[in-house]
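Before any comments, here is the structure.
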Amino acid sequence: MSLFPAGIAFGEAFCNRVEERTRLKKHIDNLRHTVLIAPRRYGKSSLIRQVMEDNQCIYVWIDFLSVTNQGDVEAKIKKACKELLFKLAPELKKLQMQTTELVKSVSPELNLNALGQTLTLHFDTDESIAIDEMLLQIDEYAFKKGKRAVIVCDEFQQISQIADCEPAEALIRHAVERAQAITYIFSGSNRHLLSEMFSNSHRPLYRLCQAMMLERIAASEYVKFLQAAALKQWQQSLSENVIQQVTSLTECHPFYVNGLCSELWQADTPPTAAEQVEQVWARYIEMNKSIIVAEYISLPLNQKRLITVLAQAPTDAPFGAEFGLRTKIPSSSTRRALDSLLEKDIVFVDADGYYRLLDPAVKYYVQ
Ligand SMILES: Nc1ncnc2c1ncn2[C@@H]1O[C@H](COP(=O)(O)OP(=O)(O)O)[C@@H](O)[C@H]1O
Ligand SMILES: [Mg+2]
């Protein structure tokens, strides 16, 4: 595996997150269902996967990205329940392999009975069993077996995008709040949709979970991580200037740290000057320009204007006269445009109250 993957970071590609790993593990142990919230590409999926593997959890991963209707949601959940059942009772899988022909017509309910289990499970997907019932049955099965498990619901915001999503959300709530052995982790790439699902008192999932916010990885952690990676690759450490340039151009955004470093680490020798790092960054952005600017170019003019001005200098007073002079947009329009940019996670407010661009590559591109 590459040290700087574009997809999920795992094992030696995984940097730090020590506190978050400990915290998520505690949530799992204490059956505290969790919604992990962060802008896209901050490392939510990577963190969950790492915690699952670190602790050898029995888990299933449901990716809701492609769901377009209630039937899709149901099918995904039922498939995951079956998978989880086989993980909780590997002997069933063996039995299924020995009796492939039989299993085509026999439901896991009979398999379980054949093993002397008294619990009844209906797992034929065409059966009309509701998803909450299925989730509760598998939970009860795990509980009776004295096992614990995790169901990861990734890209979960997609459920809120299907027509008439409330019944599915209500069934999920019904199962989650009664769980005795399964901890649920929800995550997704649209943090505003996701927050809305779990914190709006009119929605079925209101206050079901403990929210966990994921920030960027601290620069000090990246310094240690990148030095170790440099030693591994070139048997040399990097100069302070070089490392500082990496963390400052990428602003410690995990996706861009990996994007830039996967380019840098391809060279036969380590970069020795900050300018060299910037050249590689400029080339990386040029190569990926179409992806980086895809969202930007479709934005209304006022939003683009705000992006350009914020790229030059962030502000803590976006409705003040000085910022208005820079944008040449009336403050009522600024408010609308800014709300929209915040909602799309293009702009964020930092700990000091400054409005900044979230994506360092967009920032570099428009400057
Ligand atoms: N802890 C980490 N260490 C190193 N790279 C990471 C870490 N977390 C995420 N990344 C990298 O950041 C990018 C986004 O990660 P991902 O887990 O897919 O984010 P999300 O699920 O929040 O969209 C990927 O390139 C991934 O390899
Ligand atoms: Mg993800």
Taking amide H positions as placed 1.01 Å from N in the peptide plane, with prolines and chain starts having none, which residues 5 or more places from ASN190, or on another chain, fall under 5 Å of its amide H?
GLN157
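Over the range 314-354, consider all pairs of different Cα atoms and compute the Kirkwood hydrodynamic radius from their mean reciprocal separation; express it in Å, one decimal.
Final number for the Kirkwood radius of the range 314-354 is 10.5 Å.
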The extension gain from SER298 to TRP234, computed as 0.36 nm times the residue separation minus the Cα-Cα distance, is 18.8 nm
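In units of 2.2 N^0.38 Å, what is the alpha-carbon radius of gyration of the range 242-367? Each step should come with its number before you reach the end.
Values: Rg = 16.0 Å, N = 126, 2.2 N^0.38 = 13.8 Å.
Normalised Cα radius of gyration, the range 242-367: 1.16.
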For LYS304, list the aspartates and glutamates whose Cα falls under 19 Å from its own Cα; do not include residues on the same chain fewer than 8 positions away.
GLU295, ASP316, GLU322, ASP339, GLU343, ASP345, ASP359
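Mean separation of Cα pairs under 8 Å and 6+ residues apart, divided by the residue count of the chain: what relative contact order is that in percent? Could you put the intermediate results ahead of the total?
Numbers: 495 pairs, mean separation 66.1, N = 367.
Relative CO of the chain lands at 18 percent.
Take the Cβ-Cβ distance between SER332 and ARG21 as r, set R0 to 56 Å, and report the resulting FRET efficiency rounded to the nearest 0.05.
Working: r = 45 Å, r/R0 = 0.80.
The pair SER332/ARG21 has a calculated efficiency of 0.80.
Round to the nearest 0.05 the FRET efficiency obtained for ALA351 and LYS144 when R0 = 35 Å and r is the Cβ-Cβ distance. Don't skip to the answer; put the middle values down first.
On the way: r = 47 Å, r/R0 = 1.33.
Computed FRET efficiency for ALA351 and LYS144 comes out at 0.15.
When you have a sec, figure out the Kirkwood radius of the range 219-287 from all distinct Cα pair distances and drop it here in Å to one decimal?
Details: mean 1/r = 0.0851 Å⁻¹.
One over the average 1/r among Cα pairs gives 11.7 Å for the range 219-287.
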For a Förster distance of 41 Å, can you work out the FRET efficiency between the beta-carbons of ASP268 and SER290, rounded to the nearest 0.05?
0.90
Using a Cα-Cα cut-off of under 17 Å, which lysines could be cross-linked to LYS145, ignoring same-chain neighbours fewer than 8 residues away?
LYS82, LYS87, LYS93
Starting from the Cα of ALA219, move 7 Å in the Cα-to-Cβ direction to define the label point; list residues of the range 227-269 whose amide nitrogen is under 12 Å from there.
241-253
P(r) histogram, all alpha-carbon pairs of the range 180-306 included - 10 Å bins from 0, percent
10, 29, 24, 22, 12, 2
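Among residues other than PRO271 whose Cβ falls under 14 Å from its Cβ, what is the net charge (Lys/Arg +1, Asp/Glu -1)? Don't skip to the end; give the middle numbers.
Values: positive: ARG283; negative: GLU240, GLU263, ASP268, GLU275, GLU278.
Here the count lands on -4.
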Could you tell me how far the Cα centroid of the range 245-292 sits from the Cα centroid of the range 1-17, in Å?
16
Just add up the charged neighbours of ILE8: K/R +1, D/E -1, any other residue whose Cβ is under 12 Å from the Cβ of ILE8.
0
Alpha-carbon centroids, the range 125-198 and the range 28-48: separation in whole Å:
15
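Between SER201 and ALA163, what is 0.36 nm times their sequence separation minus the Cα-Cα distance? Round to one decimal in nm. Could the numbers behind the result be given before it?
On the way: separation 38, 0.36 × 38 = 13.68 nm, distance 1.96 nm.
The SER201-ALA163 span can extend by a further 11.7 nm.
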Report D for the chain in µm² per second (integer): Stokes-Einstein, Kirkwood Rh on Cα pairs, 37 °C, 0.692 mPa s.
142
Net charge near GLN70, counting Lys/Arg +1 and Asp/Glu -1 over other residues with Cβ under 14 Å of its Cβ?
-4
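Values in this text are rule-based calculations from the coordinates and carry no lab data. What you see is a predicted model, and the numbers here were worked out from it, not measured in a lab. Neighbour counts are summed over all protein chains in view; Cβ atoms, including those assigned to glycine, are modelled from backbone coordinates with ideal geometry.
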